[in-house]
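So the structure is just underneath, and the comments pick up after that.
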Amino acid sequence: MHNNALLVIDYSNDFVADNGALTCGAAGQALDKHIVKQIEKALFLDEFIFVCNDEHQENDRYNPEALLFPAHNIRGTWGAELYGKTGEMIRELQAEGHSRMIYLPKTRYSAFFATPLDAMLRARKVHHLTVTGVCTDICVLHTVIDAIYNHYSVAVVENCCATCIPHGQEWAIAHMRDCLGAEII
Ligand code: ZN
């Protein structure tokens, strides 16, 4: 579907690897093969892929997250690099200059906040988003809220989302389905 885009949110070492600063651990690592499948599907269907990844400055006291969470995804560090097979695949696409894969750094939970995501989606006539990544109840949720408010239709792929917060997965999936109208697939 040409008016669909895949979003891959925060699938970085800090959020997924065993020794990541804010890791989802095994639950996050289990997503890797499923996100790879979603990327393969998007490539096959010639859809856009937006890789939206936290890139924080060290000791940024003006970012409200800094008071709440340990330092994570510091720009240019191992922690901010994309994890696993998903990361390898995205780096290969970047290296070959794939025109439908776009990497967008972000500094807040929502991939829409202070990024060109909405403008880039509109320019490409994208109306439907397939959302994957972490954390389900933080950056995925806030991105889905902004997507719905910006009138995109949204499908969240349940086996492609995880969180480091106990009970956050079930709560966020139900919230996105029941309070935001996202389709859960
Ligand atoms: Zn962050």
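Would you point out the residue of the stretch 61-82, among those that are more than 10 Å from the ligand (Cβ to nearest atom) and of a type in the set (D, E, K, R), that is farthest from residue 134 (Cα to Cα)?
For the stretch 61-82, the residue satisfying everything is 61.
Might you check whether a residue that is touching a Lys or Arg at 6+ places or on another chain (Cβ under 7 Å), under 24 Å from residue 118 (Cα atoms) and either among the β-branched types (Val, Ile, Thr) or buried (at least 16 other Cβ atoms within 10 Å of the Cβ) (or both) occurs anywhere in the stretch 56-71?
yes
Quick test for you: out of 51, 16, 8, pick the one residue that is at pLDDT 95 or above, within 24 Å of residue 122 (Cα to Cα) and in contact with a Ser or Thr (Cβ under 7 Å, 6 or more places away or on another chain).
8
Out of the stretch 100-112, which residues are touching a Ser or Thr at 6+ places or on another chain (Cβ under 8 Å), of a type outside the set (S, T, N, Q) and within 13 Å of the ligand (Cβ to nearest atom)?
The answer is 105, 106, 109, 111.
In this structure, does residue 164 turn out to be part of a loop (DSSP other than H, G, I, E, B) and crowded, with 17+ Cβ neighbours inside 10 Å?
yes
Given the structure, is residue 35 within 14 Å of residue 129 (Cα to Cα) and at pLDDT 95 or above?
Taking the combined requirement at face value, the residue does not satisfy it.
The values are calculated or read from the model by the stated rules, or taken from the named source; none is laboratory data. Predicted, not measured: the structure shown is a model, and the values here were computed from it. Using ideal geometry, Cβ is built from the backbone for each residue, glycine included, and neighbour counts are taken over all protein chains shown.
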